[in-house]
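Q: Submitted below is the structure of interest, expressed as structure tokens.
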Amino acid sequence: MDRRLPPREGEWIDRSQPVEFRFEGQSLAGFAGDVLSSALWAHDVRLQGRSFKYHRPRGLYSLAGHDANVIVEDGRRTNMRGDLLPITDGLDVYSVNTSGGLQRDRWRIMERFDRFLPVGFYYKAFHTPRWLFPHYENQMRQVAGLGRVHPGNAAVETPKDYAFCDLLVVGAGPAGLAGAIAAAEQGLKVLLVDEQPHPGGSLNWQWSGNPAAQEQFGGMLEQVRAHDNIELRCGTQAAGAYNDYWIALVDDRRLTKLRAKAMLVATGCFEQPAVFQNNDLPGVMLASAAQRLLQLYAVKPFDRAVVVAANSDGYRAALDLHGAGVEIAAIADLRHDGEPTGLAQNAADAGIEILAGCAIAEAVPSGGKARIQAAAVCPLEKDGSLRTGSLRRIECDGIAMSVGWSPNVGLAYQAGGRFRYAEHVAQLVPSSLPDGLFVSGRANGRFELHDQIADGRRAGLCAAAHLGRFDGNLPDSPQHQASPPSHPYPIFSNNGKKNFVDLDEDLHLADFKNAHQEGYDNIELVKRFTTVGMGPSQGKLSNSNAIRILARLNGASINETGTTTSRPFYQPVRISHLAGRRFHPQRRTPLDGWHRQHGAEMMHAGAWMRPEFYTTSGSTRDECILAEAKNVREHVGLIDVGTLGKILVCGPDAARFLEHIYTGRFEKQKVGRLRYGVACDETGVIIEDGVIARLAEDRFYVSATSSGAAVFYREMQRWALIFGMKVTLINATGHLAAMNLAGPKSREVLAGLTDADLSPDAFPYVGVKEATVAGARAIVMRVGFVGELGYEIHVPASQGWHVWTSLMEAGRPHNIRPFGVEAQRLLRLEKGHLIVGQDTDALTHPFEADVAWAIGKDKPFFIGSRSLDIVKQQSLDRKLVGLSFPAHRSGPLPQECCLIIHEGEIVGRITSIAPASTLGHPIAMAFLRPDLANVGAKVTIRTTDGRTADAEVAAMPFYDPDGARQK
Amino acid sequence: MPYRLLKYALHKDHPEPRMFRAPERLKEEYDAVIIGGGGHGLGAAYYLAKEHGITSVAVLEKGYIGGGGTGRNTAIVRSNYLTPEGARFYQESVDLFRDLSREFNFNLFYSERGHFTLAHSPASLNTQRWRAEVNKHLGIDSEVVDRAFIKKTVPEIDLDAGGHQAPIYGALYHPPGAIARHDAVAWGYARGADQRGAEIHQQTAVTGVEVRDGEVAGVHTDKGFIKTRKVLSAVAGWTTSITRMVGLRTPLVIHPLQALVTEPLKPWLNSIVVSASLHLYMSQSSRGELVAGASLDPYELISMRSTLDFAEGMSAGMLDLFPFLGDVKILRQWAGLCDMTPDFSPIMGTTPIKGFYIDAGWGTWGFKATPVSGKTMAWTMANDHDHELIKAFNLSRFGRFQLVGEKGAASVGH
């Protein structure tokens, strides 16, 4: 049956563009501009979804995305709302969460078991016997959940956008349009957004029969479109409001992050359902949904309807439907006094029977419950309860509910607004709003169209005044004068079990009574126990009634009952929108390309990429690493150390500052000399180590570990401020390339490329020089991390490649080879040099790491000194020692972090291990209980497979203990 | 269908009594007062009554029970900690959790899913190995696994993180890792405590703690003064406001921590997946929502506001691991407070003030310790000295520099 009406003024569908789509395998046609639910209803397809728990038939309900009755998927996308999803050619969707299709959904049997499944039933069963629970849980997981994910879907990278404005106006209904215009006229740059594809809000569907209103609408729209200061974005939801008017705007294509100076919330209301038996079945819908269906999509909602009303809006809806050819069998008016305005007469004139003081007790379903066949109308007692003895059955195929509204003010709440219940409108209205936040229109309790427009204008001017653009008199806000637009308790029970309060979660009235009976008697506990408001529509249509029910159960007022906290998002937001293009910074040294060209196996090192080792055909990884290390020991090697932190510390207090930061002494450090430094946190734990070069009296050059440099630099800045010292910090990490030339031949390699005198007297170990290397200005340091004669050369990043290749070239006669991170780790292990973060952990202090020698004598202060003074008095729990393994051994070798076990107790842990070394046998560094740590003592290490390995405590350094080779 | 549910069908009225009473007013005096009606406070009340016969107990909650960290966490339970002290403590908690539904006769949906802590670097794999080795030594089921094992168990995962991040090298796998209905834990303890005589006073705020000559004498509330000689502070993120009342200094700093859920989906993710590098942990609830949390917000703040940065960062991390989730939608985000200690272990037990006990420093690891904290704090209050399992966590450890370093076992880098 075709329910599509002839063309209507203002309809959103484009009849020139037919669209073919499929629903549950059935081919159907609609028009561009239709959403799935409207296009289906046009074909009289009323069963559009199934409910979450009982799999009851559901149809369109709000037609505005305020409910979650109709949720579909298409094999790629999932959990799409039927009343928000535009139809497009080729759309092919199925209802989520059915077994065997929507019509024959096998899970609809769940409803038969409803008596077994009261609120919170799952807390009361399935847990004994314990071994059965996983079975039950699996069953429950299968029936819970909505759409399916599709692991084959490709990753989507969605660019994000940024926007700025003076005033964000959310909602382009009457109040929003008026507010935007008023603010723009005062010179504010206004961004006006609306979630719907067209502006106008309720002007589109509620006032469409009102020529005066339409004229006003047209006028305002023209002004908005013409005004240079207003940008209108439709199809855009303000999804969340964060601090300082940082707003997430979401449209179909992207996330836009908006910084506004002020925000006007003109978001209107969610129309609220009445609660009665079968108030969820297809055919029962909000009056606003019926009006939307009629005006926006030109679909006749019903043939014969009963309207349940508690306000003027219900009468308007009835008249609109009547005008479109729907027979209005009756208006059941919850108010004993009926409608006070002339609308009552208009309805009577149209031949509509008005039943004042009546409610609907039940929607009577037809077989299969996919439609309704009648409404059971029932007079109300003075206390609002049903006089169930006097039920009157009125045949109809539709019920439109117009019993009240709940303000859509989640955004205002997130932005710091607070609300209280006001009797004169029987809804929440703002009680306090922070600076820069304004609420107007229906969201502010203004319901008459002229009041909404006036209130919007007021709010726009207030925003202008707030931003210093308007200093005239601010108009007063017109108060709502008529009877309250919302019924205080539109909730009716005829002892049926299917009077739904939360359609998402299939919660009916008794669930709330039962939860209350069990002691869940405040709003947060009710929410958590019943899950009201936690479904996909986040309580847009259920929170208000839930609060009314709880207030009545507690004998408390709405204000005493309170509300739950509103949180982002307004409507669910796609993960891909939020994730954006997923930029993760990756840092590469200036020599990165060279490494890749020369067979380097690159590894991630924090944000950096570094050569792990260089591949040689025919050699394994371990062989390559060992060969690189041996080449350093025997000849000369070159490693890219450009990832090291490089921090310039300048100023008159530079030395004093470093004495505060590091444990060591720097005031008397000679210009041209290096010192090793250890830095601790306030608890005395080692956080950094590095080399500090004094380039001038007031200028130091500090290196920091690759992984810790960024944090360390930030900490240094923080401390410089706290200490109030005259010191300037420059993070040159990315400015400079750095390489370490190491090995007995390094002096010969470098000699031909530099103007510096490299003779041991002129440039001794731990010396530093500013010199020229291969024509580049360089800082050259004599360091000994790998235990050989070596020069660390730092040059501007732009010259790094040239200097590196020059060194490689000059080194060719000396068998130079590049070496990677792994060879360096091995070489330093042989020297017993620790790596902060590997050989230290979150509690390691200098005494146990055997670097107490780096603590300056009699220093009055450094960060961590007070703690270390205390720690020093205590006996050590552990110390860092060397371990040596026999060259010829069998069984597994432990890995890093394997434990040392003694008499069944954990007494230590391997921190670094080299399965092969240039010494010809495996070596390791480990923490060990001090009483077991004498050189030569045997230790037993448990390997990951539970076997053991034996080693012997060895003196460190393993290699060249006197340090003769690096001198 | 279990026959237990039959009774609902056979009764006309809902055959369930109140889970817990709502006492009209405070008594003049209690043997013990517990500040904070979260899982820990309610747990302590429960075990005080059940195991120590101390039933004259008031639990004071300024909001509603389970409304703080108990109801805001991502409900993960595990014991794969780094230190023997920590691992033993959390293992006891896991053991208690496993039997709690039966003990309460209340289904907590305690669901053992298996817990992966992904390592995106060799260094991180080392830390996981350290944890595994300590765990195995203590009899805790925990092992370092390779990429193939991860892929087999969580076939949807992208082990190379889409090339956006360092690849996954391996993981620490902890089969007993579980999730539970967090609210229900608080309710179960509340009911158990209430049935045994403890009183739960919601909407009752503590305004002061009376200390005379170094001993607790009573508690001031917005509903009057209560005499008592034993007070437990179990308020996690609000601890500093209580310790200030008694002049106790702690090294706690408060950071917000955020989490989010997606719309419900049919079950596909059975394991709990944690990635420190991506600042992300996620699981799928029995309702079908993906529940995900992040690392701490990087600043000290006592506020439960949400940030967009968090939702963006979390989404990026989720796509790095599960690139097909782009079309899935985030439903809701929220925040909680974390009282962080320098060593990432809690502060528990006696204090220099006689009769004032502290249960704090719960940072990002409070929910999983709920049963064992309740049990050991009750023991400590009853005996007025620290239970064996929590000796290492006494506040005095900071003065003595005897820290219990659990930073390496925090679920994500904090």
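The values are calculated or read from the model by the stated rules, or taken from the named source; none is laboratory data. Being a predicted model, the structure only gives us computed values, none of them experimental. We place every Cβ from the backbone using ideal geometry, glycine too, and count neighbours over all the protein chains shown. Heads up: the accessible areas ignore ligands, DNA and RNA and are worked out on the full protein's heavy atoms, side chains in. Shrake-Rupley method; radii C 1.70, N 1.55, O 1.52, S 1.80 Å.
Q: Suppose we keep just the DSSP beta bridges with both residues in the protein assembly as shown; what percent of those would be antiparallel, to 5? Walk me through the intermediate numbers first.
A: Working: 174 of 240 bridges.
Antiparallel bridges: around 70 percent, rounded to the nearest 5.
Q: Which of B:HIS279, B:HIS220, B:HIS11 ends up with the largest GNM mean-square fluctuation for chain B, with Cα atoms connected below 10 Å?
A: Of the options given, B:HIS11 has the highest mean-square fluctuation.
Q: Among the lysines, which fall within straight-line cross-link reach of A:LYS540, defined as a Cα-Cα distance under 20 Å, with same-chain neighbours fewer than 8 residues apart omitted?
A: A:LYS53, A:LYS498, A:LYS527, B:LYS329
Q: For A:SER617, what accessible area in Å² do you get when you roll a 1.4 Å probe over the heavy atoms of the protein chains, rounding to the nearest 10?
A: Answer for A:SER617: close to 120 Å² accessible.
Q: Looking at region A:273-403, what % of its DSSP beta bridges pair antiparallel, to the nearest 5?
A: Antiparallel bridges make up about 40 percent of those DSSP assigns within region A:273-403.
Q: Sorting check: for A:489-498, A:865-874, A:199-208, which peptide has the highest mean count of neighbouring beta carbons within 10 Å, and how do the rest follow? Don't jump to the answer; show the numbers that get you there.
A: On the way: A:489-498: 19.2, A:865-874: 14.5, A:199-208: 24.0.
Going from most to least packed, we get A:199-208, A:489-498, A:865-874.
Q: Over region A:455-597, with the other protein chains present, what is the accessible area per residue in square angstrom, probe 1.4 angstrom?
A: Values: 5200 Å² over 143 residues.
Accessible area per residue, region A:455-597: 36 Å².
Q: Could you order the peptides B:90-97, A:305-312 from most to least packed, using the average number of other C-beta atoms within 10 Å per residue?
A: Details: B:90-97: 20.9, A:305-312: 27.9.
Descending packing order for the listed peptides: A:305-312, B:90-97.
Q: Using Cα pairs under 8 angstrom and six or more residues apart, how large is the relative contact order of chain B, in percent? Please list the in-between numbers first.
A: Values: 974 pairs, mean separation 95.9, N = 414.
23 percent.
Q: Related question: Of the options A:MET110, A:LEU5, A:VAL96, report the single residue whose Cα projects farthest towards the positive end of the charge dipole of region A:1-153 (beta-carbon charges: Lys, Arg +1; Asp, Glu -1).
A: Sorting the options by dipole projection puts first A:MET110.
Q: Per residue of B:115-123, count partner chain C-beta atoms within 10 Å of its C-beta, then hand back the mean as an integer. Don't skip to the answer; put the middle values down first.
A: Numbers: counts 0, 0, 0, 0, 0, 1, 5, 7, 7.
Taking all residues of B:115-123 together, the mean is 2.
Q: Rank these residues by their accessible area, most exposed first, probe 1.4 Å: A:SER619, A:SER542. Kindly include the intermediate steps, with their values, before the conclusion.
A: On the way: A:SER619 50, A:SER542 5 Å².
Per-residue accessible area, sorted high to low, gives A:SER619, A:SER542.
Q: Next question, about the same structure. In terms of solvent-accessible area of protein heavy atoms at a 1.4 angstrom probe, what is the ranking of B:LYS223, A:LYS540, highest value first? Each step should come with its number before you reach the end.
A: Details: B:LYS223 120, A:LYS540 15 Å².
My answer, sorted largest first, is B:LYS223, A:LYS540.
Q: Follow-up. How charged is the neighbourhood of A:ALA375? Take every other residue with its Cβ under 11 Å from the Cβ of A:ALA375, and add Lys/Arg as +1 and Asp/Glu as -1. Please list the in-between numbers first.
A: Numbers: positive: A:ARG304, A:ARG392, A:ARG393; negative: A:GLU362, A:GLU395, A:ASP397.
Local charge sum for A:ALA375: 0.
Q: Would you list A:GLU822, A:GLU222 from the most to the least accessible area, probe 1.4 Å? Before the final figure, lay out each step's value.
A: Values: A:GLU822 45, A:GLU222 130 Å².
The most accessible residue leads, giving A:GLU222, A:GLU822.
Q: Under 13 Å Cα to Cα from B:LYS50, which aspartates and glutamates show up? Leave out anything in the same chain fewer than 8 places away.
A: Within reach: B:GLU103, B:ASP194.
Q: Also, quick follow-up: With unit charges on the beta carbons (Lys and Arg positive, Asp and Glu negative) and the dipole taken about the Cα centre of chain A, which residue among A:GLN838, A:PHE785, A:VAL691 sits farthest to the positive side?
A: A:PHE785
Q: A further question on this structure: In region B:17-55, what residues drop by 30 Å² or more of accessible area when the other protein chains are put back, versus the chain on its own? Use 1.4 Å, and skip ligands and nucleic acids.
A: B:ARG18, B:MET19, B:PHE20
Q: Report the accessible surface area buried between chains B and A, summing both sides, using a 1.4 Å probe on protein heavy atoms only, in Å² rounded to the nearest 100. Spell out each step's value before the answer.
A: Details: alone 17850 and 40650 Å², together 49280 Å².
Rounded to the nearest hundred, the buried surface is 9200 Å².
Q: Per the helix-only calculation at 222 nm, which mean residue ellipticity applies to chain B, given -39500 (n - 2.57) for every DSSP H run of n ≥ 4 and division by its residues, nearest 500 deg cm²/dmol? Before the final figure, lay out the partial values.
A: Details: 10 runs with 117 residues, N = 414.
Taken over chain B, the calculation gives -8500 deg cm²/dmol.
Q: Sticking with this structure for a sec: Do any of B:LYS62/B:LYS266; B:LYS230/B:LYS391; A:LYS497/B:LYS266; A:LYS831/A:LYS938 go past 30 Å between their Cα atoms, and which? Display every interim value, and only then the final one.
A: On the way: B:LYS62/B:LYS266 38 Å; B:LYS230/B:LYS391 19 Å; A:LYS497/B:LYS266 28 Å; A:LYS831/A:LYS938 21 Å.
Over 30 Å Cα-Cα: B:LYS62/B:LYS266.
Q: Sticking with this structure for a sec: Just going by the charge dipole of chain A, with Lys and Arg at +1 and Asp and Glu at -1 on Cβ, which of A:MET220, A:ALA290, A:ALA926 is farthest out on the positive end?
A: The one lying farthest along the dipole's positive direction is A:ALA926.
Q: If I build a Gaussian network model for chain B, linking alpha-carbon pairs within less than 10 angstrom, which residue out of B:LEU260, B:LEU26, B:LEU48 has the largest mean-square fluctuation?
A: Among B:LEU260, B:LEU26, B:LEU48, the largest GNM mean-square fluctuation belongs to B:LEU26.
Q: Counting Lys and Arg as +1 and Asp and Glu as -1, each charge on the Cβ, what is the dipole of chain A about the Cα centre in debye, to the nearest 20? Mind showing how you got there, number by number?
A: Values: 104 positive and 107 negative charges, 322 e Å.
In debye, rounded to 20, chain A gives about 1540.
Q: Below 14 angstrom from the Cβ of B:HIS279, what's the summed charge of the other residues (Lys, Arg +1; Asp, Glu -1)? The partial results should precede the final answer.
A: Numbers: positive: A:ARG582; negative: B:ASP297, B:ASP309, B:GLU312, B:ASP320.
Its environment carries a net charge of -3.
Q: Dividing the convex hull volume of the alpha carbon atoms of region A:660-699 by its residue count, what do you get in Å³ per residue?
A: Details: hull volume 2.5 nm³, N = 40.
Here the figure is 61 Å³ per residue.
Q: Place the peptides A:650-663, B:320-333 in order of packing, highest mean first, counting for every residue the other Cβ atoms within 10 Å and averaging per peptide. Write down the numbers at each step before the final one.
A: Details: A:650-663: 21.1, B:320-333: 23.4.
Ranking the peptides A:650-663, B:320-333 by packing returns B:320-333, A:650-663.
Q: How many Å² of accessible area per residue for region A:840-967, probe 1.4 Å?
A: Values: 6090 Å² over 128 residues.
Here the residues of region A:840-967 average 48 Å² of exposed surface.
Q: Now, a different point. Any idea what the dipole of region A:529-612 comes to, in debye rounded to 20, about its Cα centre with Lys/Arg Cβ at +1 and Asp/Glu Cβ at -1?
A: On the way: 11 positive and 4 negative charges, 51 e Å.
Taking the Cα centre of region A:529-612 as origin, the dipole is about 240 debye.
Q: Same structure again: Tell me, what is the per residue accessible area of region A:64-106 in Å², probe radius 1.4 Å? Before the final figure, lay out the partial values.
A: Numbers: 1610 Å² over 43 residues.
That works out to 38 Å² per residue.
Q: Here's something else I'd like to know. Suppose every Lys and Arg Cβ carries +1 and every Asp and Glu Cβ carries -1, with no other charges. What dipole size does region A:500-570 come out with about its Cα centre, to the nearest 20 debye? Show your work: numbers first, answer last.
A: Working: 7 positive and 9 negative charges, 42 e Å.
That gives a dipole near 200 debye.
Q: Nearest 10 degrees is fine. How inclined is helix A:312-323 to the longest principal axis of chain A, computing both from alpha carbons?
A: Roughly 70 degrees, rounded to the nearest 10.
Q: A follow-up question, please. Roughly speaking, to the nearest percent, how much of region A:1-153's 1.4 Å accessible area is carbon and sulfur?
A: Values: 3220 of 6230 Å².
Accessible surface attributable to carbon and sulfur in region A:1-153 totals 52 percent.
Q: In addition: Within a Cβ distance under 14 Å of B:ARG196, other residues only, what is the Lys/Arg minus Asp/Glu net charge?
A: Details: positive: B:ARG21, B:LYS50, B:ARG191; negative: B:ASP31, B:GLU51, B:GLU103, B:ASP194, B:GLU199.
Taking every Cβ under 14 Å from that of B:ARG196, the sum is -2.
Q: Now a separate question. Please list, ordered by chain and number, the residues whose modelled amide H lies under 5 Å from the amide H of A:GLY642; skip anything fewer than 5 residues away on the same chain.
A: Distant-sequence amide H within range of A:GLY642: A:ALA738.
Q: Can you give the mean number of other chain Cβ atoms that lie within 10 Å of the Cβ atoms in peptide A:606-616?
A: Per residue, the number of nearby Cβ atoms from other chains is 1 on average.
Q: In a GNM of chain B with a 10 Å cut-off on Cα contacts, which of B:VAL59, B:VAL145, B:VAL185 has the highest mean-square fluctuation?
A: Looking only at B:VAL59, B:VAL145, B:VAL185, the largest GNM fluctuation is found for B:VAL145.
Q: For A:911-921, what's the mean count of beta carbons from other chains sitting within 10 Å of each residue's beta carbon? Working shown, then result.
A: Details: counts 2, 1, 0, 0, 0, 0, 0, 0, 0, 0, 0.
Mean partner-chain Cβ count within 10 Å for A:911-921: 0.
Q: Same structure again: Going Cα to Cα from A:LYS160, which lysines come in below 16 Å? Please leave out same-chain ones fewer than 8 positions away.
A: Filter leaves A:LYS257.
Q: Quick check on chain A: helices-only [θ] at 222 nm, where DSSP H runs of length 4 and up contribute -39,500 (n - 2.57) each and the sum goes over total residues. Nearest 500, please. Present the calculation step by step, with values, prior to reporting the outcome.
A: Values: 23 runs with 224 residues, N = 967.
Value at 222 nm, helices only, nearest 500: -6500 deg cm²/dmol.
Q: Moving on to the next point. At what distance in angstrom do the alpha carbon centres of region A:262-311 and region A:383-416 lie from each other?
A: First find each Cα centre; the distance between them is then 10 Å.
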